[in-house]
Amino acid sequence: MIEIRIHGRGGQGNVVAAYLLAMAAFEEQRYGQAFPNFGAERRGAPVMAFVRISDKPIRRRNQVLHPKFLIIQDQALLHIHGVLDGIVAQGCMLVNSTVGSDELSQQFGLDIVSIPATSLAKQILGRPVPNTALLAAFLGLTGMLTQESLAKVLQKRFKGATLEKNLKLIEAAIDMVPLNHWNKETAHVATA
C-alpha cells in the first residue's frame, strides 16, 4: 500500500486533489482511499488530506502518519511544525515552489522535486489553483497511475473549456518533471 499526505491551504484544492488521486486509482481497478483533516474552515488555513492506493482492499481508517510521499501545495508550509513529521526513510516530496529541487533537497535532506504549480495554473487556467498540476507532476514522477486515468477523472468533473484547460495543464506539468524519477519508490506492497 502506498500512503500519501497532501499539505496545502484552504482554497488550493487540497481535498479535491486527494479525491482525484483516489478516483484515478479506481480507474485502474486499484483501491483508493482519500479523506481530509482540517481545523477552522477558512480560506488560507492549513489543510491536510490523506490518500492510500493499493492492489488489495484498504482496511486502515486512520490518518496517514508515515507517508512515503508528501505533496506540498504551498512552499511556506515547509516551515510549519509537523508538516514533515513521519515521512518514511527514503521518502519523497513534491513541492509547489519556485525554489529549485536541488536547493530544497539539500535543505531538508529528502528527495524533493519542485515545480511552480501556482504560476503554471495561473498561466493555463487563469486561477492560482495548483492541485491539478501537482497531481500530474506526481503521477509523472512515480508512474504509479497513468496520465490517462487522471484525465478520465477530470472529464467526470469538468466540461468544455475548463476541462480543456485542465488537460493542457496536465501535459505542461508532466513535462516539468523527470518521468519515473520515483518509480523505484512505488514498488507495490499490497498489504492492508
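Any idea which residue in region 130-159 is surrounded by the most Cβ atoms within 10 Å (Cβ to Cβ), counting only those that are among the β-branched types (V, I, T) and either within 13 Å of the chain's Cα centre (by Cα) or closer than 16 Å to C92 by Cα (or both)? Lay out the reasoning, then the answer.
Step one: filter region 130-159 for residues among the β-branched types (V, I, T), giving 132, 142, 146, 153.
With either within 13 Å of the chain's Cα centre (by Cα) or closer than 16 Å to C92 by Cα (or both) added as a condition, the list becomes 132, 142.
Details: T132: 27, T142: 24.
Step by step, filter region 130-159, then rank; the result is T132.
Select from region 121-170 the residues that are in a helix (DSSP H, G or I) and of a type in the set (K, R) and list them in ascending order. It would help to see each step written out before you state the result.
Step one: filter region 121-170 for residues in a helix (DSSP H, G or I), giving 121-125, 131-142, 147-157, 160-170.
If the condition is that a residue be in a helix (DSSP H, G or I) and of a type in the set (K, R), then K122, K152, K156, R157, K165, K168 are the ones that fit.
Here's a check for you: in region 1-32, which residue that is of a type outside the set (G, A, S) and part of a loop (DSSP other than H, G, I, E, B) is nearest to H79 (Cα to Cα)? Quick ask: steps written out before the conclusion?
Within region 1-32, the first condition is being of a type outside the set (G, A, S), and the residues that meet it are 1-7, 9, 12, 14-16, 19-21, 23, 26-31.
From what is left, the residues that are part of a loop (DSSP other than H, G, I, E, B) are 1, 12, 28-30.
Working: M1: 28, Q12: 18, E28: 36, Q29: 37, R30: 34 Å.
For region 1-32, the residue satisfying everything is Q12.
Considering only region 100-109, I want to know if a residue exists there that is assigned to a helix (DSSP H, G or I) and touching a Lys or Arg at 6+ places or on another chain (Cβ under 6 Å). Don't jump to the end; show me each part of the working.
Step one: of region 100-109, the residues assigned to a helix (DSSP H, G or I) are 101-108.
Among the residues that remain, those that are also touching a Lys or Arg at 6+ places or on another chain (Cβ under 6 Å) are: none.
No; the residues of region 100-109 include none that is assigned to a helix (DSSP H, G or I) and touching a Lys or Arg at 6+ places or on another chain (Cβ under 6 Å).
Residues in region 66-77: is at least one within 22 Å of D175 (Cα to Cα) and surrounded by fewer than 19 Cβ atoms within 10 Å (Cβ to Cβ)? Write out each step before concluding.
Quick first cut of region 66-77, residues within 22 Å of D175 (Cα to Cα) only: 69-75.
Applying the additional criterion that residues be surrounded by fewer than 19 Cβ atoms within 10 Å (Cβ to Cβ) yields 75.
There is at least one residue in region 66-77 that is within 22 Å of D175 (Cα to Cα) and surrounded by fewer than 19 Cβ atoms within 10 Å (Cβ to Cβ).
For every residue, the table says whether it meets (1) over 19 Å from L167 (Cβ atoms); (2) in contact with a strand residue (DSSP E or B) (Cβ under 8 Å, 6 or more places away or on another chain).
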residue: H81; (1), (2): yes, no
residue: L84; (1), (2): yes, yes
residue: C92; (1), (2): yes, yes
residue: D102; (1), (2): yes, no
residue: G109; (1), (2): yes, no
residue: L120; (1), (2): no, no
residue: A136; (1), (2): no, no
residue: G140; (1), (2): no, no
residue: Q147; (1), (2): no, no
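If you check G44 against the conditions, is it on the phi > 0 side of the Ramachandran plot and either over 12 Å from the mean Cα position of the chain (by Cα) or surrounded by 22 or more Cβ atoms within 10 Å (Cβ to Cβ) (or both)?
Judged against the criteria, G44 is a match.
Tell me which of these H66 doesn't satisfy, since it passes every other one: (1) modelled with pLDDT under 95; (2) farther than 25 Å from T98 by Cβ.
The single condition H66 does not satisfy is (1).
Of F26, F50, F38, which residue is modelled with pLDDT under 95 and aromatic (F, W, Y)? Spell out how you get there, then give the answer.
Working: F26 fails: modelled with pLDDT under 95; F50 fails: modelled with pLDDT under 95.
Selected residue: F38, the only one of F26, F50, F38 that is modelled with pLDDT under 95 and aromatic (F, W, Y).
Does at least one position in region 113-122 carry a residue that is over 17 Å from the mean Cα position of the chain (by Cα) and either surrounded by fewer than 16 Cβ atoms within 10 Å (Cβ to Cβ) or farther than 17 Å from N183 by Cα (or both)? Outline the logic, then answer.
Filtering region 113-122 down to residues over 17 Å from the mean Cα position of the chain (by Cα) leaves 122.
Those left that are additionally either surrounded by fewer than 16 Cβ atoms within 10 Å (Cβ to Cβ) or farther than 17 Å from N183 by Cα (or both): 122.
Yes, the conditions are met somewhere in region 113-122.
The values are calculated or read from the model by the stated rules, or taken from the named source; none is laboratory data. Fair warning: this is a prediction, and the values are worked out from it, not measured in the lab. Positions of Cβ are backbone-derived with ideal geometry, glycine not excepted, and every protein chain shown enters the neighbour counts.
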